[in-house]
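Read the structure below first, then the notes.
Bear in mind these aren't lab numbers, they're just calculated from the coordinates by the rules spelled out. Source: prediction; values computed, not measured. With ideal geometry, Cβ positions are generated from the backbone for all residues, glycine too; neighbour counts draw on all protein chains shown.
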Amino acid sequence: MKEVIEGLELVPEGFANGKAEGAPYTEEEQEEIILNAAEAYGHFLDELKCDWRKDPNSKGTPLRVARTFIKELWKGRYNDLPSMTSFPSDGYENIVLERNIKSFSMCSHHHQVIESKVHIAYIPGKKGTVIGLSKLNRIVEHYSRRGAIQEQLTVAIHNAVDIICKDNVGVMVVIVGKHNCVRIRGVEHDASDMVTSKISGVFEDHSKTAKQEVLELLKLN
């Protein structure tokens with residue numbers, strides 16, 4: 001039986017950046033959601049005066065859009081976080097850093113894509129644990145694939161790493177995101193990035209060098 005890790009969800013069920021109410025869903029339940037959502041999206045296109053039923057390029061669009069949301073863009077809402085096994089650090093007490101984790105999420109305000117690079121650092125305690133490198137990617141993927149605001153996504157990733165890497169002495173998450181809701185609507189500025197961070201433990205102590213060391217490592221080519 002899969003271990004249930006408490007405290008990983010920060011927002012109420014049903015919110016765009018939280019788990020769907022009643023999740024996780026079976027494959028059959030997800031297929032039912034897809035069919036219902038496709039019907040609703042067809043009505044949405046009707047209201048936009050799109051004759052999608054006759055258009056050969058669009059007649060399958062409602063089903064494609066619904067399936068894309070459930071199986072890809074928002075899949076983190078309908079499934080549990082994959083199993084996470086941590087291992088003894090065997091005395092390693094220095095920084096673990098994974099840089100440039102690619103992330104695609106969706107702005108919960110306008111449902112536009114956010115393309116980001118996520119950097120995660122943590123320091124295991126003397127008797128603490130570490131997790132496999134790919135697990136950090138899976139944490140990012142799970143929380144990114146929802147409706148989100150970047151600020152909350154940053155906290156969610158930090159919170160998960162902090163809980164799963166037991167007895168750590170600090171966690172630092174930095175996200176650099178490009179938001180399509182800024183690039184293609186409103187002000188339409190393509191070059192701007194949004195940077196958010198969440199730090200805890202020794203990284204919060206500015207009299208020590210841990211935070212600065214991570215920032216220097218992020219500069220490496």
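Can you work out the base-10 log of I(q)/I(0) for segment 27-77 at q = 0.20, 0.21, 0.23, 0.32 1/Å, using the Debye formula on its C-alpha atoms alone? Here log10 of I(q) over I(0) equals -0.66, -0.71, -0.81, -1.17.
All distinct Cα pairs of segment 1-88 go into the 1/r average, and the inverse of that average, the Kirkwood radius, is 15.0 Å.
Need the C-alpha centroid separation for segment 1-71 versus segment 160-218, integer Å. About 30 Å separates the Cα centre of segment 1-71 from the one of segment 160-218. Note on Lys59 and Lys126: the model spin-label points, each 7 Å out from Cα along the C-beta direction, lie 7.2 nm apart. Taking 0.36 nm per residue of sequence separation and removing the Cα-Cα distance, the Glu28/Glu98 pair yields an extension gain of 21.6 nm. Per-residue extension of 0.36 nm, minus the Cα-Cα distance of Glu213 and Ile5, leaves a gain of 71.8 nm for this segment.
Which net charge results for the neighbourhood of Ile34, defined as the other residues with beta-carbon distances under 15 angstrom from its beta-carbon, given Lys and Arg at +1 and Asp and Glu at -1? Present the calculation step by step, with values, prior to reporting the outcome.
Details: positive: Arg64, Arg67, Lys71, Lys75, Arg77; negative: Glu27, Glu28, Glu29, Glu31, Glu32, Glu39, Glu72.
Surrounding charge for Ile34 is -2.
Between the listed residues Gln152, Val118, Leu35, the Cα displaced farthest toward the positive end of the dipole of the chain, a dipole computed from Cβ unit charges relative to the Cα centre, is found at Val118.
A Cβ-based charge dipole, computed about the Cα centre of segment 100-221 with Lys and Arg at +1 and Asp and Glu at -1, lands at about 360 debye. Assuming charge only on the beta carbon of Lys and Arg (+1) and of Asp and Glu (-1), the dipole of the chain about its Cα centre is about 560 debye to the nearest 20. Peptide packing: for 23-36, 48-61, the average count of neighbouring Cβ atoms within 10 Å per residue gives the ranking 23-36, 48-61, highest mean first. Loop-located GluC sites (Glu not before Pro) in segment 123-221 (DSSP state not H, G, I, E or B) with no more than 15 neighbouring Cβ atoms inside 10 Å: Glu188.
Under a Cβ-Cβ cut-off of 13 Å, what is the net charge of the residues other than Asp90 that fall near it, where Lys and Arg count +1 and Asp and Glu count -1?
Details: positive: Lys126, Lys127; negative: Glu93.
Residues near Asp90 contribute +1 overall.
What does the charge count near Leu45 come to, summing +1 for each Lys or Arg and -1 for each Asp or Glu among other residues with Cβ under 14 Å from its Cβ?
On the way: positive: Lys49, Arg53, Lys54, Lys59, Arg64; negative: Glu39, Asp46, Glu47, Asp51, Asp55.
After counting each charged neighbour, the total is 0.
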